[in-house]
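Report on the structure given below.
The values are calculated or read from the model by the stated rules, or taken from the named source; none is laboratory data. All values reported here derive from a predicted model rather than from experimental measurement. Cβ: placed from backbone, ideal geometry, glycine included. Neighbour counts: every protein chain shown. Calculation scope for accessible area: heavy atoms of the full protein, side chains included, ligands and nucleic acids excluded. Shrake-Rupley method; radii C 1.70, N 1.55, O 1.52, S 1.80 Å.
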Amino acid sequence: MKLSLIALAIFIGLTGCADLKDAGRTLGQTTKDVTTQIGHATRDTTKAIGHASRDAVKSVKEDLSDQGENNQ
């Protein structure tokens, strides 16, 4: 009787560990996927802002250049 209770306790402990391991793996994978998506969105947004800023600076330079030519 005592041996069967010990065996049962070990079995329950092992299956509980497996469930916790699976839950941890799922949580870790989900966290990785979410942080990857956030990172990619941040990269794309930063890239778009950088390009828009570059284009705005070029436009201002061209406008100033055109004004300088018109004044001469």
For region 1-55, the dipole about the Cα centre with charges only on Cβ (Lys and Arg +1, Asp and Glu -1), to the nearest 20 debye, works out at 140 debye
In whole percent, the fraction of accessible protein surface over the chain that belongs to carbon or sulfur atoms, probe radius 1.4 Å, stands at 65 percent
Dipole of the chain, positive end: most advanced residue of 48, 4, 15 [Cβ charges, Cα centre]
4
Could you report the chain's accessible area per residue, 1.4 Å probe, as an integer in Å²?
89 Å²
Just need the Rg to Rh number for the chain, please, alpha carbons only, Kirkwood Rh.
1.72
24 Å Cα-Cα reach of residue 32 towards lysines, excluding residues that sit fewer than 8 places from it in its own chain:
21, 47
